[in-house]
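For reference, the structure is listed below as structure tokens.
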Amino acid sequence: MVLSNDLIKKLGICYPVIQGPFGGGLSNIELLSTVSDLGGLGSYGAHHLPPTAISQLIADIRGRTTKPFAINLWVSNRDHFIDGVSRRDFDAYSRRFEPLYAAVGVDLPEFTETYSHDFDQQVEAAIDAQVPVLSFVFGVPSPHIIRACQDKGIITIGTATTVEEAILLQTRGIDIVVATGFEAGGHRVSFLKEPEDCLTGTFALVPQVADSLTIPVVAAGGIADARGVRAAMALGAQGVQVGTAFLATNQSGTSAMHRDVLFSDRAKHTVLSRAFTGRLARFIENKAINFIEQTEGLPLRFPLQSYFTGPIKAAATKHNNSDFASLYAGQAAPLLKHHEAEEMFNSLIADFI
Ligand SMILES: Cc1cc2nc3c(=O)[nH]c(=O)nc-3n(C[C@H](O)[C@H](O)[C@H](O)COP(=O)(O)O)c2cc1C
């Protein structure tokens, strides 16, 4: 079946498959360029990078593929006003993590006053570099940003966990909406209500969003093979965004240990937790999550919690210790079969070739 729809035309791609972005260092150019070169849309999660690194990243990506690709940023990258945390607060917080630091054999982190990069400057770097596609989570970018993207011919993608969020994204001029169900790996990227109140599954969310919008809708969450793509399209989506299944491939930026766990029986049980970052995300359960969930005063808000868990995750990953690493995974992980991104991609588009 040859497919042509508004999504494919807007993005300038051949197949309606977006490789979901991974924030925090798990994206990489190899996976992005593999998917873009095969006719999908490769993405790179860049919320953790300073603006100069984003400019360089886009130049590096252009050195690897001539096809369209997306850079992903977080509109809200800081909960409340956490930059005012004093040294005294910081020391008190750090004591709550001591058993975890002892478990993986690292020192408590140094005091800092800066925990995240300036979102507007990150966007400016991406727009100046004329990135083909900018995708956003955790909010709606300002009218100024949306206009600047339109002026430069940059396609914008917003992400919704509810119909209300999807409508707001369309009303503000976003080009494409990803409707993400609670099966998905990674964060629950809600922005109008607390994520715990936005737990609709993909099967219920996608048709409601498709019925409410006139712009293309992309389904995300729980899709890992051609059956999922078929179901998403039957529900009114024009394409899919797939995360966990690409994260598990050898081309992604995650560790071999994380990949092994994704293919193991442990992946049959995932939990939604704020333990690693302070924001709700889906993981394979482990000792770190259980410790943080049971410790009074934890988790802290985002990204303070990430600042404290960062060294724990890094040390655990380095020593192949899956008890204390962050094992992001969506509910579709037990469906995974493919270790190579090209095979994974081809299995998704099987109906279109
Ligand atoms: C480790 C991990 C990190 C993620 N980080 C981001 C991110 O920074 N920005 C974003 O838009 N989506 C992010 N996602 C969501 C994916 O891009 C995708 O929408 C989601 O994984 C789809 O659901 P699935 O995992 O069931 O395929 C992340 C997902 C995972 C598994």
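Things worth noting here:
- Enclosing the Cα atoms of the stretch 281-353 in their convex hull gives a volume equal to 131 cubic angstrom per residue.
- Residue-count net charge about Gln294 - beta-carbon cut-off 12 Å; Lys, Arg +1, Asp, Glu -1: 0
- With 0.36 nm allotted per residue and the present C-alpha distance subtracted, the Asp351-Arg88 stretch has 88.8 nm of extension available.
- Contact order relative to length of the stretch 7-68, as percent, for alpha carbon pairs under 8 angstrom and 6 or more apart: 36
- For the chain, DSSP calls about 20 percent of its internal beta bridges antiparallel.
- Long-range amide H partners of Ile18 with built H, under 5 Å: Leu41, Val240, Gln241, Val242
- The fraction of all Cα pairs in the stretch 145-187 landing in successive 5 Å bins from 0 to the largest distance is 5, 22, 28, 19, 14, 8, 3, 0, given as whole percents.
- Surface composition of the stretch 168-319: carbon and sulfur make up 50 percent of the accessible area, probe 1.4 Å.
- Extent along principal axes [Cα atoms of the stretch 210-293; Å; largest to smallest]: 45, 28, 22
- Listed by chain and number, the lysines whose C-alpha is less than 28 Å from the C-alpha of Lys313, apart from same-chain residues fewer than 8 away, are Lys268, Lys287, Lys337.
- Taken as entire DSSP H runs, the helices of the chain that both span 18 Å or more between Cα atoms along their own long axis and average -1.0 or more on the Kyte-Doolittle scale are 51-64, 304-318.
- Among the GluC sites (Glu not before Pro) within the stretch 75-143, those in coil by DSSP and having at most 11 neighbouring Cβ atoms inside 10 Å are Glu110, Glu113.
- Note on the chain: dipole from Cβ charges, positive end direction compared against Phe308, Ser264, Thr159; the farthest Cα belongs to Ser264.
- Distant alpha-carbon pairs in the chain (separation over 40 angstrom), percent: 8
- Across the stretch 284-353, the mean sequence separation of Cα contacts (distance under 8 Å, 6 or more residues apart), normalised by length, yields a relative contact order of 32 percent.
- Nonlocal amide H pairs with His47, under 5 Å, H built at 1.01 Å: Gly24, Trp74
- The GluC sites (Glu not before Pro) of the stretch 244-353 meeting both criteria, a DSSP state outside H, G, I, E and B (loop) and at most 11 other C-beta atoms within 10 angstrom of the site's C-beta, are Glu296.
- Relative contact order for the stretch 1-131, counting Cα pairs under 8 Å that sit 6 or more residues apart, in percent: 26
- Shape box of the stretch 70-124 [Cα atoms, principal axes, largest first, Å]: 40, 26, 16
- Backbone HN-Hα couplings from phi across the stretch 98-113 [Karplus 6.51/-1.76/1.60, Hz, Gly and Pro as x]: 3, x, 5, 5, 5, 5, 9, x, 10, 7, 4, x, 6, 5, 9, 10
- Highest-MSF residue in the chain out of Gln208, Gln238, Gln331 [GNM, Cα springs under 10 Å]: Gln208
- The chain, accessible area per residue, ligands and nucleic acids excluded (1.4 Å, Å²): 41
- Counting protein heavy atoms only, the stretch 113-162 has 45 percent of its accessible area on carbon and sulfur, 1.4 angstrom probe.
- Globularity ratio of the stretch 121-258, using Cα Rg and 2.2 N^0.38 Å: 1.06
- Distance between modelled label sites at Lys9 and Ala53, nm, 7 Å Cα→Cβ extension: 3.9
- Rg/Rg_globular for the stretch 104-158, with Rg_globular taken as 2.2 N^0.38 Å and Rg from C-alpha atoms: 1.58
- Debye equation applied to the C-alpha atoms of the stretch 1-68, log10 I(q)/I(0) at 0.27 Å⁻¹: -1.18
- Among Val240, Val106, Val218, residue whose mean-square fluctuation peaks in a GNM of the chain (springs only between Cα atoms under 10 Å): Val106
The values are calculated or read from the model by the stated rules, or taken from the named source; none is laboratory data. Model, not experiment: these values are computed from the prediction. So basically every Cβ, Gly included, is an ideal-geometry build from the backbone, and we count neighbours across all protein chains shown. What goes into the accessible areas is simple: the full protein's heavy atoms, side chains included, and nothing from ligands, DNA or RNA. Shrake-Rupley method; radii C 1.70, N 1.55, O 1.52, S 1.80 Å.
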